[in-house]
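Participant: Questions regarding the structure given below will be posed in turn.
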Amino acid sequence: MRFTVFFSWVRRQWQALTQALATLLKKPSVSSEVAIVPPSQSPVPLNAAQHRLLGPLIEATSAPSNWWLDGHTLDDYLKTIIRSKAHVISLHPNQVFWDFEVRLAKKNKYRKKLQAAELLLLPACFNRSQAEQLTLPPGVVGDDHWYLLALKRVSSEPVRFDITIVDGFNRCPSQNYHFLWQQALLLLKCLYGPNVKYTEVLQTLPQQSNVYDCGAVVGYCAQQMLNQDNVCLTLPQQIDYSAHRLVMAQTLAPEFKLPQLLSYSPQNLTSEPQTPSLTTSPRVTA
């Protein structure tokens, strides 16, 4: 009797294993090859966030505002690319408007986490709708534009940071830049006290060629800061920021690596930058 029960159990386990293997073997393999196909032949419909991300690459007739990246997509991308970086933290876009003195005073555990970081990334977008609703800080202009504020620890004794702000239109100086500088200094002083040292790193990016790629610029520059382990970047003279949208899509959803789903070839992203085009002007201010 016991032998019969045991034999039946073994047979059920074997059947389940063979079915699982058969299902696995039927799945399509992911290829790194890129094939250009008309978007009408793509068999997979895009959700709203994916359409915003890939819109400029798969259609030519749409309002540019339909291709602006939302905060959730950009936040997901930044948190994905830093996942293997133990000492890098990306704050949610809304956190750039925090009253850091109040928030960090109440969150001791979070303050210690930020103090341990070697690189802090703070994306920020100042929306016109927020300006109309008077929810932006005084002096900030609602320009529907993404900026990236980055703080890189370059010394621990004494504590010193490089601070930079980048955006696709190089809008420094501006009221929004001034606000971001003030937020960066407030954050550092909340974490390390009033005597923290810092260097402003002023940079000029290859400018975006349209009105909708500012979010892709932030994603591209954040990736380069991780690759180069620096906020003072060396970049090629021209950058196709729209091409980085495909990289972002593939990072967030691996199925976009399948050739039949692609309608754009990011071959220009595979070449290493040769000629620096960023002009950097470090200026020690404290």
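The values are calculated or read from the model by the stated rules, or taken from the named source; none is laboratory data. Keep in mind the model is a prediction, meaning the values are calculated, not measured. We place every Cβ from the backbone using ideal geometry, glycine too, and count neighbours over all the protein chains shown.
Participant: For region 102-125, indicate whether the set of residues that are crowded, with 16+ Cβ neighbours inside 10 Å, in contact with a Lys or Arg (Cβ under 6 Å, 6 or more places away or on another chain), under 29 Å from V159 (Cβ atoms) and of a type in the set (D, E) is non-empty.
Facilitator: There is at least one residue in region 102-125 that is crowded, with 16+ Cβ neighbours inside 10 Å, in contact with a Lys or Arg (Cβ under 6 Å, 6 or more places away or on another chain), under 29 Å from V159 (Cβ atoms) and of a type in the set (D, E).
One line per residue, one yes/no per condition, for (1) assigned to a loop (DSSP other than H, G, I, E, B); (2) over 20 Å from the mean Cα position of the chain (by Cα); (3) buried (at least 20 other Cβ atoms within 10 Å of the Cβ):
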site	(1), (2), (3)
F179	no, yes, yes
A184	no, no, yes
L188	no, yes, yes
P194	yes, yes, no
E200	no, yes, no
Q207	yes, no, no
N210	yes, no, no
G215	no, no, yes
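Participant: Name the single residue that is surrounded by the fewest Cβ atoms within 10 Å (Cβ to Cβ) among those in region 153-163 being in a strand (DSSP E or B) and of a type outside the set (G, A, S).
Facilitator: V154
Participant: Would you call L226 within 16 Å of D162 (Cα to Cα), at pLDDT 90 or above and either part of a helix (DSSP H, G or I) or of a type in the set (V, I, T) (or both)?
Facilitator: When the stated conditions are applied, L226 passes them.
Participant: Regarding region 111-120, can at least one residue be identified that is under 18 Å from V201 (Cβ atoms), in contact (Cβ under 8 Å) with a residue 24 or more places away in the chain and within 16 Å of the chain's Cα centre (by Cα)?
Facilitator: The answer is yes; a qualifying residue exists.
Participant: Right, here's the next one. Report, by residue number, each residue of region 74-94 that is out of contact with any helix residue (DSSP H, G or I) (no Cβ under 8 Å at 6 or more places or on another chain) and touching a residue at least 24 places away in the same chain (Cβ under 8 Å).
Facilitator: Once the filter is applied, which keeps residues that are out of contact with any helix residue (DSSP H, G or I) (no Cβ under 8 Å at 6 or more places or on another chain) and touching a residue at least 24 places away in the same chain (Cβ under 8 Å), region 74-94 yields H87, L91.
Participant: Let me ask something else about it. Given (1) crowded, with 17+ Cβ neighbours inside 10 Å; (2) hydrophobic (A, V, I, L, M, F, W, C); (3) over 21 Å from L69 (Cβ atoms), identify the lone condition not met by V166.
Facilitator: Here V166 meets the rest and fails (3).
Participant: Just to be sure I understand, how many residues within region 109-152 are outside any strand (DSSP E or B) and either over 30 Å from A86 (Cβ atoms) or in contact with an Asp or Glu (Cβ under 7 Å, 6 or more places away or on another chain) (or both)?
Facilitator: The qualifying residues number 20.
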